[in-house]
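A short worksheet on the structure shown next.
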Amino acid sequence: MSWIEEIEVTEAEGKLAQVYAELLEKRGAISNILRVHSLNPDAMASHLDLYMRIMFGKSGLSRAEREAIAVVVSATNDCEYCVSHHVQALGRYIKDEDILQTLASADGLEVLEPRLGNIVIHAEKLSSAPSAMTESDLDPLRAEGLSDQDILDITLIVAYFNFVNRIALGLGVSYSAEELAGYRDD
């Protein structure tokens with residue numbers, strides 16, 4: 001699971017028991033990336049709230065675009081945990097294995113259709129070279145009709161997955177095939 005102590009569902013009390021119960025009710029399972037927060041249930045609840053807002057909340061970005069950002073950022077950071085989880089989710093929306101592989105490798109992104117390509121190219125640059133970003137990096141996004149709120153949403157998702165990748169990589173969070181298949185995607 002990870003390199004640090006984690007509290008199991010059967011041993012959880014108080015706030016942690018409440019958060020675990022909500023996760024099981026809403027998502028059907030508790031991901032290891034959230035379970036690793038079990039020593040700090042308030043952080044777990046805040047993490048989950050941010051995730052649900054940026055990945056499932058109202059946005060001009062489609063669910064597929066949001067999952068594609070997650071995959072590309074995670075691939076850029078070599079985070080196998082997050083790539084595996086979000087390629088699985090993205091496969092619900094994109095059925096083309098070549099596109100999924102392109103996104104999962106974060107390589108050859110320029111061959112994607114223009115809107116998705118510009119979104120994930122932006123996400124890759126913001127992840128790999130954040131200090132190199134300039135205002136002109138927003139031009140290709142605006143040319144695809146993305147609003148400033150859409151651009152903010154892209155940036156929030158990129159920042160979130162850079163954050164989560166560092167949790168997964170820094171604490172050795174692992175996954176299993178059972179974990180990948182165990183979620184409801186409401």
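The values are calculated or read from the model by the stated rules, or taken from the named source; none is laboratory data. Note that this is a predicted model, so its numbers are computed, not measured. Positions of Cβ are backbone-derived with ideal geometry, glycine not excepted, and every protein chain shown enters the neighbour counts.
Here are a few things to note about the model shown:
- Number of residues in the range 106-122 that are under 15 Å from the mean Cα position of the chain (by Cα) and either surrounded by fewer than 15 Cβ atoms within 10 Å (Cβ to Cβ) or more than 19 Å from L169 (Cα to Cα) (or both): the value is 2.
- Flag if R27 is under 21 Å from V71 (Cα atoms), at pLDDT below 95 and surrounded by 13 or more Cβ atoms within 10 Å (Cβ to Cβ): yes
- Residue count for the range 96-114, restricted to those that are touching a helix residue (DSSP H, G or I) at 6+ places or on another chain (Cβ under 8 Å), part of a helix (DSSP H, G or I), closer than 18 Å to A70 by Cβ and not small (G, A, S): 4.
- Answer from Y20, Y51 - the residue that is part of a helix (DSSP H, G or I), out of contact with any strand residue (DSSP E or B) (no Cβ under 7 Å at 6 or more places or on another chain), within 14 Å of I157 (Cβ to Cβ) and not hydrophobic (A, V, I, L, M, F, W, C): Y51
- The one condition from (1) without any contact (Cβ under 8 Å) to a residue 60 or more places away in the chain; (2) surrounded by 14 or more Cβ atoms within 10 Å (Cβ to Cβ); (3) outside any helix (DSSP H, G or I) that E5 does not meet is (2).
- Residues of the range 115-151 classified as closer than 20 Å to A89 by Cβ, of a type in the set (D, E, K, R) and in contact with a helix residue (DSSP H, G or I) (Cβ under 7 Å, 6 or more places away or on another chain), total: 1
- Residue within the range 72-92 that is at pLDDT below 95 and crowded, with 23+ Cβ neighbours inside 10 Å present: yes
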